[in-house]
1. Which of the three applies to the stretch 236-380, rounded, prolate or oblate, going by the alpha-carbon gyration tensor with a ≥ b ≥ c and a/c under 1.5 meaning rounded?
2. Note down the nm distance, to one decimal, between modelled labels 7 Å out along Cα→Cβ at Q573 and at D161.
3. What full-extension length gain, to one decimal in nm, is calculated for V557 and A516 as 0.36 nm per residue of separation minus the Cα-Cα distance?
4. Kindly report the accessible area of the stretch 367-451 per residue (heavy atoms of protein chains, probe 1.4 Å, no ligands, DNA or RNA), in Å².
5. What distance in nm lies between label points placed 7 Å from Cα along the C-beta direction at E451 and A318?
6. Points 7 angstrom from Cα along the Cβ direction at L237 and T21: gap in nanometres?
7. Sorted by accessible area (1.4 Å probe), largest first, how do S291, S371, S434 line up?
8. Given the protein chains as shown and a 1.4 Å probe, how many square angstrom of W67 are accessible, to the nearest 10?
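The values are calculated or read from the model by the stated rules, or taken from the named source; none is laboratory data. The structure presented is a predicted model; accordingly, all values stated were derived computationally and were not measured. Positions of Cβ are generated from backbone atoms using ideal geometry, with glycine treated the same way; all protein chains shown enter the neighbour counts. Side chains are part of the model used for accessible areas, which takes the heavy atoms of the whole protein and leaves out ligands, DNA and RNA. Shrake-Rupley method; radii C 1.70, N 1.55, O 1.52, S 1.80 Å.
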Amino acid sequence: MNLRKYLIRALHRLQKGPGYTYKELLVWYCDNTNTHGPKRIIKEGPKKKLIWFFLTLLFASLVFWQWGILINTYLSYNVTSSLSIGFKTMKFPAVTVCNANPFKYSEVKHLLKELDRLIEAALERILQPTPGNSSEKVSPPLNLELWHQIPLVLIDEHDKDNPVILDIFESNQTSAINQTFADNATADEEKKYKLAVKLCSHQGSDNCTYRNFTSAAQAVTEWYILQSTSILSKVPLQEKIRMGYQAEDMILACLYGAEPCNYKNFTQIYHPDHGNCYIFNWGMDEEALNSSNPGAEFGLKLILDISQQDYIPYLSSAAGARLMLHQQKSFPFLKDQGIYAMAGTETSIGVLVDELERMGYPYSDCTINGSDVPVKNLYSQYNTSYSIQACLRSCFQNHMMETCGCGHYMFPLPAGISYCNNEANPGWAYCYSSLRSSIKHRQICIDSCKETCNDTQYKMTISMADWPSEASEDWIFHILSYERDMSTNVTLDRNGIIKLNIYFQEYNYRTISESAATTIVWLLSSLGGQFGFWMGGSVLCLIEFGEIIIDSLWITVINLISWCKGLKQRRAQARYPDIPPTVSELVEAHTNLGFQHEDLGALPREEGLPPEPGTPPPNYDSLRVQPPHVLGPDSDAE
């Protein structure tokens, strides 16, 4: 019951309103506010009122302008970077080592035999374009079907407006090719021919593109990579692992600090660019190793054999070992972040650690674990952590599968999709080249992928020296050959041996962290400082201003309700123009009606009878009390 009374009283209070008019409310605010300026407007003379009104309006505008700038600065979410240096025992990085050559040539020669014969014949025509050195005399005949799938062509640009495209193996174009090379051999100006890879949407199509190269060596390498990719994509994974370099053959010696290690301490993964790769301290199955002290004697020492004599001649033009330092449980992208170690040298790598700590949304568009990235991570099948390199390659592979109907050999595949090859996908090379050069698809992947919020980078200082020296190479090669092959003969040489030293230079690590350049505390203090400087106000002044706003809205709502009621009454009067009788008029009408009944008693009975059923009711307007001068003559007689 008390609650009902309270609600009724509150409703009446709301209906009543603050009890002021707009003018009274404004005068009250100016007289009672703690803000400087409004009081002077109502208390000074006419001239000073105008001056103070102008000054108050000017400074209030400046306050709102400054507030807008401050709020916009806060909402931009800028960050500041700070650098701090710490000292602690650190985890030794994961070390991935690979051979620059992905497969042993002796193991894949049967797969690349026809491809090698084709490129040798093509080079013979390019380097010795004379009728006596025709590759048509080669026995057995060349498999030109493989050539026509992705051919190498010669582009004669003597006439730049009408370049001539010559197929190297077209017999009717042999004389033209010979003449082209003869002209370039005698000409002193810049050479007018280029070797290019011809890529068509399908065999025999006119929808083709040409990948030009300034050097024939680049063109031959690119052509061989495309053709070998098509061939190797059909080989099962286990067979490719078997054809690569095995850990026991590649890793001859291992020492971590004072503890000996061997190839069994490495985790094997298959990398499409480099074949079998081996990772030390990956942290997948065992706890990551800590480095006990900085310095070369406390790091990782390796001796590798890259077997350079078994390299694929047209696929791997560089010789050495490819290695990379990275975090535990992360996939090594050696093509982007790896370095080469040269054969016949001892390479020392001093490591410094940088830890990056980025702020997340809304300060930067980074991700913690990649769960909020719209790209499906194809490298998750390795149980590795998210990285932007994995995201970009997964995005490209997804576009490749959507556009070309197959996946590229260099990237992982989801279930149910096959790698591209010339037989099943004749136009895959054209599709791949178009997609790789497409800025639109590249930008889509860049916009979709995000940097990781926390990252560890390893800065390397690299130095090299010849190893072993001429004085010690005999006994070192004898010992290493015996340990690997149990042979007294020397089976190793300087062209295949690499020694690596990987260690922390010092235990100092740098942390580069981001912090918010503007915080809510900074915003509130800046807003208050501007308000106090220009208007002499505080938070209480803002509350007073809010109070007058609420009262003004309250008065406005009540005025609107009154106006709506008045409008409703006016519409009702327009619909019913006669004024409804009042209560006193109804009482007098009832009294007059009784007098009229007495007069009706003197009339004949049939005239005084009640009306028949269905007769319209009497006109009640006649019951209204009328002035005496409008009464009938009978009333005057009475």
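1. oblate
2. Going from the Q573 label point to the D161 one covers 9.3 nm.
3. 10.4 nm
4. Averaged over the residues of the stretch 367-451, the accessible area is 49 Å².
5. In this crude spin-label approximation the distance works out to 2.6 nm.
6. It works out to 8.7 nm between the two label points.
7. Working: S291 0, S371 100, S434 50 Å².
Solvent-accessible surface, decreasing: S371, S434, S291.
8. W67 exposes around 50 Å² with every protein chain in place.
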